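Undergrad: A single structure is presented below for examination.
The values are calculated or read from the model by the stated rules, or taken from the named source; none is laboratory data. Computed from a predicted structure; not experimentally measured. So basically every Cβ, Gly included, is an ideal-geometry build from the backbone, and we count neighbours across all protein chains shown.
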There are 4 protein chains.
Amino acid sequence: MARDPARVEAFSDAVIAIVATLMAVELLQFSPDGPRDADLASRLGHEWRAYLAYVITFAIVGQVWLTHHNMWRYVVRVDQLLLVLNLMLLMFVAAIPFAANQLSDHLRGTEADQQISAAIYVGTVLGEALFFNLSWWWARRRILLHPDLDPRLAKAVARRFLLGPLLYLVAFAMVFIDPILSLLSYLLLVGLYLIRGPGDLPPAGQEAAESR
Amino acid sequence: MARDPARVEAFSDAVIAIVATLMAVELLQFSPDGPRDADLASRLGHEWRAYLAYVITFAIVGQVWLTHHNMWRYVVRVDQLLLVLNLMLLMFVAAIPFAANQLSDHLRGTEADQQISAAIYVGTVLGEALFFNLSWWWARRRILLHPDLDPRLAKAVARRFLLGPLLYLVAFAMVFIDPILSLLSYLLLVGLYLIRGPGDLPPAGQEAAESR
Amino acid sequence: MARDPARVEAFSDAVIAIVATLMAVELLQFSPDGPRDADLASRLGHEWRAYLAYVITFAIVGQVWLTHHNMWRYVVRVDQLLLVLNLMLLMFVAAIPFAANQLSDHLRGTEADQQISAAIYVGTVLGEALFFNLSWWWARRRILLHPDLDPRLAKAVARRFLLGPLLYLVAFAMVFIDPILSLLSYLLLVGLYLIRGPGDLPPAGQEAAESR
Amino acid sequence: MARDPARVEAFSDAVIAIVATLMAVELLQFSPDGPRDADLASRLGHEWRAYLAYVITFAIVGQVWLTHHNMWRYVVRVDQLLLVLNLMLLMFVAAIPFAANQLSDHLRGTEADQQISAAIYVGTVLGEALFFNLSWWWARRRILLHPDLDPRLAKAVARRFLLGPLLYLVAFAMVFIDPILSLLSYLLLVGLYLIRGPGDLPPAGQEAAESR
């Protein structure tokens, strides 16, 4: 009768998987279908923003999944509030494709449109980061984590979780200087994360060594 | 060869996850794309109902998942009828985005339209609540629950499951007074549930203490 | 390193869950949105076929899931061909919403259109039933089933699996007499299945008694 | 706290299941709905490319799932890079329906359009094959595989993983001779794979015998 986190992970996996492939559905609808006037090359070129949005969204949602995976493997028990915090997190994650779409649509729009779409994007990414922070804080406070997890490590994770939103804010502050530059620095941060992410506490090699 | 509930949970998780993100797909299609006449801010403002419907539906479907999670962790065996009752439940759950869409579209329509869309919504939410009640009643009757579950607790859950639909009915009776008021009271009930829901029998802290 | 069927079930669950909710996506797109000329009641009434198709498809796909669940709980090992047969089954299952859509669209069309859409539907349902039969036959032949499963029971399941397609064929032969009658008799068969389905070998009560 | 591959498989299953059924969503939208001028038969005939694309995509995505299933049952530990490689793989898999759509739309287009859509397709399939190769190479290098897996077998799998992309390249080189021929030879390769695929190391019968 214990509430083990396996089902929470399965549900979150399903939601995140749908969100990751949502942009592929968009791609299908954007696809310049049927033989029309222009040739395929120019029509595909015209839709480059849709392809960029696909790659960016997949990278971001992939990063969310990695963070979720890294965090939840330390969670051994769940309570009602942790489930609610996780649902709130998923609500922001599910809004990422919408926000990414807005951003890619208005990268070359008026300055006001650029700033509003960037604000929507920042809001979504910050909301997601906020609920990661809250989940981890609550799991630590209510002793829902694995008893063998070193409390100093748990604290280090919390500190690194806080770092993410700050860096994202800096990257997006740049949207007011140049939107393309802002996007590139954001992608750089995601790329850095993918190589060495928060929550990936013991170096991979060391972990492999330990568990042997 | 036992029919354990793990696969039922996995299937239900997948259905509920899709339903939760369905509104995000809607969001993408509602998204005011491309540079058109009006500026982004006014176009986004025009679509506020779609964003409200997204948040409401995610909250409701999240609540359904929580209730499902809370109920099924006590189920240790399944029979054919329990599976059928669960499928009926999922059929009503999958109709929630449609009902929510109707409601958000007609909040400011004619009085007749408001009442019909509210009726569709009540029907969907009541159908869902009905099959939660039937599932729990059947699981108790056929001794499909965990042997350690106190029968008095099982009965208390059943009573609380009945309370939900009644409160929902009251909230929706208000649609004939004022639709916005009705919606707000409904959201309040969902919010209350998220903090302290039916099926969440032992207080979270106590449970944590027990399992330590 | 054994190939256990857990992941096959998880993948099949995901595909079947998506197919079940696919009609709900259709529902959203059919939804008579925004305030237009006609009132909501008449517009909803106009779309009754879409709602019927949703209920029918959910019932059929639910039945597929039940059959899959009932069959695979006896499977303890998988080989490459069983996986391929399962993928073929899923390909037909994923085509059910398309076939149901065709049928509901042409129930009141010309006689030729009725017969073609009925033929597409029969083809899809028969294809699905065929691969259920093939999967079971192969699993029996290659001794991939649970060693405790009585071979006579395994044979009885095979016989009942064959019965399904035959009954479906009879129900659909009626499409040439009256399409509505054919649909009703099909729904009756699905309903009968849901109460007492093939593969549900030991009566539910007995099973419960055994496992206690 | 170990990072076991179960959740990676669950997430990959969800993504692959969505991609497999994505074409079924396309089918629904392509479906010649409502009674219009032409009769159903000719309208269905007109859309044969959409149905072909559905079958081909399902076969290809089914093959990806089989390869993933066959590979990951040997993986017993994961590290950050293996997860990233798996996410990259999934990003290419999620793009397959888009690429297949392009190809089926331009099979009878101008020569330039045929070559561009074939190039997109080759790129997608090669990207997918590349990340399968990289995942396997990394898993071998970092000793993330099951300790009982014979290193010679692991090497043989790596060699066979390399073979796939080469054969695909040959099949697609034919697109410049005849696109239909190229597609048929590709389907032949997928068909061959489904019968006897890379990663399916011990013959199925032998494996069954071993585990008894």
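Undergrad: Could we say that B:R43 is surrounded by fewer than 21 Cβ atoms within 10 Å (Cβ to Cβ), assigned to a helix (DSSP H, G or I), out of contact with any strand residue (DSSP E or B) (no Cβ under 6 Å at 6 or more places or on another chain) and within 14 Å of chain C (Cβ to nearest Cβ) here?
TA: Judged against the criteria, B:R43 is not a match.
Undergrad: Next up: Restricting to the stretch C:105-135, what's the tally of residues that are surrounded by fewer than 23 Cβ atoms within 10 Å (Cβ to Cβ) and either over 15 Å from the mean Cα position of the chain (by Cα) or outside any helix (DSSP H, G or I) (or both)?
TA: Of the residues in that region, 13 qualify.
Here's the yes/no breakdown for (1) modelled with pLDDT under 80; (2) in a helix (DSSP H, G or I); (3) surrounded by 15 or more Cβ atoms within 10 Å (Cβ to Cβ):
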position	(1), (2), (3)
C:P147	no, no, no
C:A154	no, yes, yes
C:V157	yes, yes, yes
C:L166	yes, yes, no
C:L169	yes, yes, no
C:L181	yes, yes, no
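Undergrad: Counting only residues that are surrounded by 15 or more Cβ atoms within 10 Å (Cβ to Cβ) and not in a helix (DSSP H, G or I), which one in the stretch A:136-145 is farthest from the other protein chains (Cβ to nearest Cβ)?
TA: Once the filter is applied, the top-ranked residue is A:L145.
Undergrad: Can you find, within the stretch C:85-111, the residue that is farthest from D:V25 (Cα to Cα) among those that are β-branched (V, I, T) and at pLDDT below 90?
TA: If we take residues in the stretch C:85-111 being β-branched (V, I, T) and at pLDDT below 90, then C:T110 is farthest from D:V25 (Cα to Cα).
Undergrad: Right, here's the next one. Please find, within the stretch D:7-24, the residue that is farthest from D:A59 (Cα to Cα) out of those that are more than 7 Å from chain A (Cβ to nearest Cβ) and among the hydrophobic types (A, V, I, L, M, F, W, C).
TA: Here the answer is D:V8.
Undergrad: Kindly establish whether C:T57 is hydroxyl-bearing (S, T, Y) and in contact with a helix residue (DSSP H, G or I) (Cβ under 6 Å, 6 or more places away or on another chain). Can you show your working first?
TA: Numbers: hydroxyl-bearing (S, T, Y): yes; in contact with a helix residue (DSSP H, G or I) (Cβ under 6 Å, 6 or more places away or on another chain): yes.
Against the criterion (hydroxyl-bearing (S, T, Y) and in contact with a helix residue (DSSP H, G or I) (Cβ under 6 Å, 6 or more places away or on another chain)), C:T57 qualifies.
Undergrad: Hey, can you tell me all the residues within the stretch D:93-129 that are within 19 Å of D:L163 (Cα to Cα) and in contact with a helix residue (DSSP H, G or I) (Cβ under 7 Å, 6 or more places away or on another chain)?
TA: D:V93, D:Y121, D:V122, D:T124, D:V125, D:L126, D:G127, D:E128, D:A129
Undergrad: Given (1) closer than 17 Å to D:M91 by Cα; (2) facing another protein chain (nearest Cβ under 9 Å), identify the lone condition not met by A:A53.
TA: (2)
Undergrad: OK, next. Checking the conditions here, which among C:F98, C:F92 is aromatic (F, W, Y) and at the interface with chain D (Cβ under 9 Å from one of its Cβ atoms)?
TA: C:F98
Undergrad: For the stretch C:78-87, which residues satisfy the criterion of being in a helix (DSSP H, G or I) and at the interface with chain D (Cβ under 8 Å from one of its Cβ atoms)?
TA: Result: C:Q80, C:L81, C:L83, C:V84, C:L87.
Undergrad: Any idea which of (1) within 20 Å of B:I18 (Cβ to Cβ); (2) facing chain C (nearest Cβ under 7 Å) is the one B:G109 doesn't satisfy?
TA: (1)
Undergrad: OK, next. Evaluate the stretch B:145-161: report whether one residue or more is under 18 Å from B:L87 (Cβ atoms) and not polar (S, T, N, Q).
TA: No, every residue in the stretch B:145-161 fails to be under 18 Å from B:L87 (Cβ atoms) and not polar (S, T, N, Q).
Undergrad: Continuing with this model, one more query. For C:V25, are the conditions met, namely being of a type in the set (V, I, T), under 20 Å from B:M23 (Cβ atoms) and modelled with pLDDT under 85?
TA: For C:V25, the condition - of a type in the set (V, I, T), under 20 Å from B:M23 (Cβ atoms) and modelled with pLDDT under 85 - is met.
Undergrad: Next question, about the same structure. Would you confirm whether any residue within the stretch B:129-145 is within 22 Å of B:Y186 (Cβ to Cβ) and touching a residue at least 40 places away in the same chain (Cβ under 8 Å)? Let's see the steps before the verdict.
TA: Applying the first criterion (within 22 Å of B:Y186 (Cβ to Cβ)) to the stretch B:129-145 yields B:129-133.
Now narrow it down to the ones that are touching a residue at least 40 places away in the same chain (Cβ under 8 Å): B:131-132.
Yes, that holds for at least one residue.
Undergrad: For the stretch B:62-75, which residues satisfy the criterion of being more than 9 Å from chain A (Cβ to nearest Cβ) and touching a Pro at 6+ places or on another chain (Cβ under 8 Å)?
TA: Result: B:T67, B:V75.
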